[in-house]
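> The structure's right below; bear with me while I get my questions together.
A short reminder: the numbers here are calculations on the coordinates, not readings from a lab. Worth saying up front: this structure is predicted, and the values here are computed from it rather than measured. Don't worry about glycine lacking a Cβ; one is built from the backbone with ideal geometry, like all the others, and counts go over all protein chains shown.
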């Protein structure tokens, strides 16, 4: 697949966030448990590895599908919005939780 440069950069950043989130979710799950009910159900049924692999592959497939839409301005906006929301609501909280030396009760309650 060949994308215009701006879309390619946004796709690469979105995929990097998915990889980071998969690793952080697995590591955080071992310390804090999982707050997402869909992932929690998948963990119980199939285990954390297969569940996270499927969830992240599905997310990457959706990013790549979005990038193939011919309306470039709309695609850039959607990928940038996805990147910002994902970074703010998933990756930033995991960084706070996983980089804290000793989790407090407040940090445990705020982890995704």
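> Between 71, 40, 27, where does the largest GNM mean-square fluctuation fall for the chain, given springs only between Cα atoms within less than 10 Å?
Ranking 71, 40, 27 by mean-square fluctuation puts 71 first.
> Give the order of 82, 73 when sorted by the count of other beta carbons within 10 angstrom, beginning with the fewest. Kindly include the intermediate steps, with their values, before the conclusion.
Values: 82 18, 73 8.
Ranked by crowding around the Cβ, least crowded first: 73, 82.
> Normalised by the residues of the chain, what does the relative contact order come to in percent, with Cα pairs under 8 Å and at least six apart? List each step's numbers first, then the result.
Working: 80 pairs, mean separation 44.5, N = 112.
The normalised contact order for the chain reaches 40 percent.
> Once every DSSP H run of n ≥ 4 in the chain is given -39500 (n - 2.57) and the sum is divided by its residues, what mean residue ellipticity at 222 nm do you get, rounded to the nearest 500 deg cm²/dmol? If you can, show how the numbers build up before the last one.
On the way: 6 runs with 87 residues, N = 112.
Theoretical 222 nm ellipticity from helices: -25000 deg cm²/dmol.
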